[in-house]
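> Take a look at the following structure, please.
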Amino acid sequence: MTDGQIIQLKNISQNFEIDSKKQIVLKDISFEIKKGEFVCIVGPSGCGKSTLLRIVAKLINPTAGAVRVNTDKLAMVFQNFALFPWLTVEENIAFGLNMSGAKESEAKKIVREQITAMGLSGVEKKHPKELSGGMKQRVGIARALAINPEILLLDEPFSALDIFTAKKLRAELLSIWKERNLTVLMVSHLVEEAVELADRVIIMSANPGKVKEAKNVGLSRPRSVRSEQFYHLVDEIEKLIHS
Ligand SMILES: Nc1ncnc2c1ncn2[C@@H]1O[C@H](COP(=O)(O)OP(=O)(O)O)[C@@H](O)[C@H]1O
Ligand SMILES: [Mg+2]
């Protein structure tokens, strides 16, 4: 891996056995991500985006190819929040810290910081079922950030939320990324979202899942989602997806 790179995928393929038939889900995927980069993956449903993210997180061992990740400080945020329903908000946030054997006093301090930072003051003792979707995802993000990750993987984190909540959380994610110098790899099904957030958009095609193209966004920040260049790039990427 060259200097400055934090994730490197080389010729990744993934097959799954479905009803004793081999299905090629990912085929020959290669890309690198630089430290500090914000990269979005877009592509049709079922093209293997979630599978690819799980491979980067080392939750799945790919059928072929090599994954190199330059840190083990990696955290994941899920579309359906994946909170533990039997734990309170603060216990959910503390989960990864406790798993990694953090001291109780230290864990408490970090959890308190995350509760304040993510706007969760007042709901610490509640359980996930008592929260709105937006608040649940705040907990999901707080839990991920509590371990002080270098890489944040997000799998369609805002697609279960209403558009106003999603918009607010997108803006917050951008400030977190900047403040913490994170490397972000996010799956999205909205091209607008990808172009609003990412430095680079990786476009996948399906059957089997492959990288079709990678596009540098190249728009200065803060970005106007109403500019002509913005529309133009969204249009171009959408055409690539559907071609
Ligand atoms: N653990 C698994 N076992 C068998 N098939 C799977 C498994 N995970 C995903 N798949 C299949 O792989 C394909 C890609 O799934 P996924 O990565 O979830 O796509 P996406 O996130 O792009 O919608 C789908 O056809 C899905 O059914
Ligand atoms: Mg998915």
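> Which ³J(HN,Hα) values, rounded to whole Hz and listed in residue order, are derived for region 122-137 from phi using the Karplus coefficients 6.51, -1.76 and 1.60 in 6.51 cos²θ - 1.76 cosθ + 1.60 with θ = phi - 60°, glycine and proline given as x?
So the Karplus estimates, Gly and Pro as x, are x, 10, 3, 8, 7, 9, x, 5, 8, 10, 6, x, x, 5, 4, 5 Hz.
> Okay, next question. How big is the accessible area of Asp199 in square angstrom, nearest 10, if you roll a 1.4 angstrom probe over the protein chains?
The accessible area of Asp199 comes to roughly 40 Å².
> Label 7 Å along Cα→Cβ of Lys103; region 135-156 residues with amide nitrogen under 17 Å?
Zone members listed by number: none at all.
> Taking θ as phi - 60°, what are the ³J(HN,Hα) couplings along region 18-31 by the Karplus curve (6.51, -1.76, 1.60), each to the nearest whole Hz, with x for Gly and Pro?
3J(HN,Hα) across region 18-31, in whole Hz: 10, 6, 6, 10, 6, 10, 8, 8, 10, 9, 6, 8, 9, 6.
> Lys and Arg at +1, Asp and Glu at -1: add these up for the other residues within a Cβ distance under 9 Å of Val77 and post the number.
Here the count lands on 0.
> Turning to a different aspect of this structure: Between Ser159 and Asp72, take the C-beta separation as r, use R0 = 22 Å, and let me know the FRET efficiency to the nearest 0.05.
0.20
> A further question on this structure: To the nearest 10 square angstrom, what accessible area does Glu196 show with a 1.4 Å probe?
Using a 1.4 Å probe on the heavy atoms, I get roughly 40 Å².
> Could you compute how much accessible surface Val225 exposes when probed at 1.4 Å, giving the result in Å² to the nearest 10?
60
> Which aspartates and glutamates, if any, have their Cα less than 19 Å from the Cα of Lys126, not counting same-chain residues under 8 positions apart?
Glu90, Glu91, Glu113
> What number, in percent, do you get for the relative contact order of the chain if the mean sequence gap of Cα pairs under 8 Å and at least 6 apart is divided by its residue count?
For the chain, the relative contact order is 26 percent.
> Note the angle between two axes, namely the Cα long axis of helix 89-99 and the longest principal axis of the Cα atoms of the chain, as a number of degrees from 0 to 90, rounded to the nearest 10.
Relative to the chain, helix 89-99 is tipped by roughly 70 degrees.
> So for Glu193, Glu150, what's the accessible-area order with a 1.4 Å probe, most first?
Glu150, Glu193
> On a 28 Å Cα-Cα criterion, which of the cross-link pairs Lys10/Lys35; Lys168/Lys212; Lys34/Lys168; Lys58/Lys125 come out too long?
Check vs 28 Å cut-off fails for Lys168/Lys212; Lys58/Lys125.
> Give me, ordered by chain and number, the residues 5 or more places off Met204 or on other chains with an amide H under 5 Å from its own placed amide H.
Val42, Gly43, Lys212
> Along region 219-232, what does the Karplus equation 6.51 cos²θ - 1.76 cosθ + 1.60 (θ = phi - 60°) give for ³J(HN,Hα), rounded to whole Hz, x for Gly and Pro?
Once rounded to whole Hz, the list reads 9, 6, 10, x, 9, 8, 7, 10, 6, 5, 4, 4, 4, 4.
> Using only Cα atoms, find the angle between the long axis of helix 104-117 and the longest principal axis of the chain, and express it within 0 to 90 degrees, rounded to the nearest 10.
Roughly 70 degrees between the two axes.
> Turning to a different aspect of this structure: With n ≥ 4 as the cut-off for DSSP H runs, can you work out [θ] at 222 nm for the chain, using -39500 (n - 2.57) per run divided by the number of residues, rounded to the nearest 500?
-11000 deg cm²/dmol
> Continuing with the same structure: Expressed as a whole number of Å, what is the distance separating the alpha-carbon centroids of region 63-105 and region 161-176?
Spelled out, the Cα-based centre of one part sits 21 Å from the other.
> Next question. Rounded to the nearest 5, what % of DSSP beta bridges with both residues in the chain are antiparallel?
The answer is about 55 percent antiparallel.
> Let me ask you something else. For the pair Ala64/Ser224, report the inter-label distance in nm, with labels modelled 7 Å from Cα in the Cβ direction.
Modelled inter-label distance: 4.8 nm.
The values are calculated or read from the model by the stated rules, or taken from the named source; none is laboratory data. As the structure is a prediction and not an experimental result, all values here were calculated from the model. With ideal geometry, Cβ positions are generated from the backbone for all residues, glycine too; neighbour counts draw on all protein chains shown. For accessibility, only protein heavy atoms count, side chains too; no ligands or nucleic acids. Shrake-Rupley method; radii C 1.70, N 1.55, O 1.52, S 1.80 Å.
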